[in-house]
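Data first, discussion second: the structure below is written as structure tokens.
The values are calculated or read from the model by the stated rules, or taken from the named source; none is laboratory data. The structure presented is a predicted model; accordingly, all values stated were derived computationally and were not measured. We place every Cβ from the backbone using ideal geometry, glycine too, and count neighbours over all the protein chains shown.
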Amino acid sequence: MREDVQDQVTQPTGERRKEQSNSNGETDRELTRVARRGEACDFQSTPHPAISAIGLKHSDLHRLPVAFTRTKFESDEWSRALRLASKLERYNSYLRRRVSSAKLIAASSYILFRATLLAALLLIFLFLLHSPPLLFSGSHYYSSPHSNHRSLLSSSSAAWEQDVRRSATQRRADGLSVLVTGAAGFVGTHCSLALKRRGDGVVGVDNFNAYYDPALKRSRQALLARHGVLVLDADINNVALLAKLFDVVPFSHVLHLAAQAGVRYATRNPQSYVASNVAGLVSLFETAAKHADPQPSIVWASSSSVYGLNTEAPFSELHRTDRPASLYAATKKAGEAIAHTYNHIYGLSITGLRFFTVYGPWGRPDMAYFSFTKSILSGKPITLFRMPDGTAVQRDFTFIEDVVKGCLGALDTAKKSTGVAGGGKKRGPAQLRIYNLGNTSPVPVAKMVSILEDLLRKKAKKNVVTLPQNGDVPFTHANVSLAERDFGYRPTTDLATGLKKFVKWYVEYYGVETTKRINRKRKIAGEEEEEGAAASA
């Protein structure tokens, strides 16, 4: 190895410079190839050919004698090899830094991806929480400003369960715990208030549909809230929510008043009647029979319309009901048959109530007495029906307070269900009842208009036409002897008294300036002026 070095040292200077120049070029090209391939060299294990060319390993350099090492360093070839090794070491370090940076960037990108995904899921959740669902399709829509599925989403929270339990808590000994469906409806609001006032626990459910002004239903909801009654925004076809409610509270009773009302509207939107009055009833019975533990006793609203074309009067629960005159009546008749089935198979205690033309404060705007009041005050004509033979159409108008007494009487006398939770075999026959709740005194519709005219001190503009074949029946007349016998039902409010209470509520709720109110204000203003004059004198 010394001879090789000596030969290199004794070479002419020009030749050595020429060879060094060529060697430097090859080294640069080799570095370029290594860089392009992205290779990192480990000089401790794999010496570069530039070092091996002079017969040394990179790891042996530190062992050379100082003089000999100096001789090597004086060699141009030795210097070139060291420069090459230094450059490759620096490039190797550069590649390692690049790999570390790439790993760091990859890790950061993964974290950023997961954060973005979580943010997107949160936005989707918030959107679902605040967007109103479309519960049913068709020309008549059932949209809830506070979505139906929002109740289901919020039902997973401890605060929601606490609110439900608080509303369902009884405040009297042997009090009832009642789930009221259609609680923001006309009858539902009054029954919920009456139950709460006497110390029963009440939780309400209502879908706040747009069949009539939802603002009126919201006002009823606010009224109930002031008395400690929680009304959830939900549809009775939401079986998951019903099941959740029965999990949270072991309701002793259900007062099922949710339904699609109205006789004439059924000709325009029949699907809504089937969805609410048939499918909704089945959803409730299914949940009560197969999920609730213990099974509750159920009182539900049928209708006097099931008597249909019956001509026997007064209507008795024993009369035939197989000739409904409207789809609404048919769905209520179907409900009575469905109730019999669930009572027979699952042992549910079920009581049906056939309401007769209920009226009063907080009533339904689609009812004749309500719409007539609005039309008379605004000077618009009203339409009165008469039979083809000229006789007047009559209705058994029943005041809301009397109906509420009947509903509470039915709840108080309802026996326990005999079925087993989960829909198992019942322990024995269960109670199955049906009752009329009416006033027992039919009144011509024209007479009702006359009473309104006196109360409003304004004459109605009347259009009298023949009763069309659109589902209306010529008269209704209730026989309530069965309800009187079983739970003491006795209606006490005549039509004039009931309408007076309704008109008082109407003018206050809608802020109507009637002649009587105007005269009262004038009288008060005159008295104040007289008092002021006397004081100044």
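Quick notes on this one:
- Taking helices (runs of 4 or more DSSP H) as the structural unit, those lying wholly within region 216-299 and holding at least 1 residues that are among the aromatic types (Phe, Trp, Tyr), farther than 30 Å from Arg427 by Cα and without any contact (Cβ under 8 Å) to a residue 60 or more places away in the chain correspond to 270-273.
The rows are residues; the columns are (1) surrounded by fewer than 21 Cβ atoms within 10 Å (Cβ to Cβ); (2) out of contact with any His (no Cβ under 9 Å at 6 or more places or on another chain); (3) among the charged types (D, E, K, R).
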residue: Gly419; (1), (2), (3): no, yes, no
residue: Ala430; (1), (2), (3): no, no, no
residue: Tyr435; (1), (2), (3): no, yes, no
residue: Ala446; (1), (2), (3): yes, yes, no
residue: Ser450; (1), (2), (3): yes, yes, no
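- Tally of residues being under 26 Å from Arg264 (Cα atoms) and of a type in the set (Gly, Ala, Ser) across region 193-218: 2
- Ala337 over 29 Å from Ala496 (Cβ atoms), touching a His at 6+ places or on another chain (Cβ under 8 Å) and in the same structural domain as Val445 (by TED's automatic domain parsing): no
- Members of region 169-200 that are out of contact with any Phe, Trp or Tyr (no Cβ under 7 Å at 6 or more places or on another chain), aliphatic (A, V, I, L, M) and farther than 17 Å from Leu223 by Cα: Ala173, Leu176
- Residues satisfying the stated conditions in region 300-336, i.e. of a type in the set (A, V, I, L, M, F, W, C) and either touching a Leu at 6+ places or on another chain (Cβ under 9 Å) or in a loop (DSSP other than H, G, I, E, B) (or both): Trp300, Ala301, Leu309, Ala313, Leu318, Ala325, Ala334
- For region 391-417, filtered to residues that are modelled with pLDDT of 95 or more, β-branched (Val, Ile, Thr) and under 17 Å from Val443 (Cα atoms), the residue that is surrounded by the most Cβ atoms within 10 Å (Cβ to Cβ) is Thr398.
- Considering residues of region 346-388 that are under 30 Å from the mean Cα position of the chain (by Cα) and at positive phi only, the residue surrounded by the most Cβ atoms within 10 Å (Cβ to Cβ): Gly360
- Filtered residue count, region 252-267, keeping only those that are among the polar types (S, T, N, Q) and either at pLDDT 95 or above or under 17 Å from Phe186 (Cα atoms) (or both): 2
- Within the span defined as region 168-189, one or more residues are at negative phi and of a type in the set (D, E, K, R).
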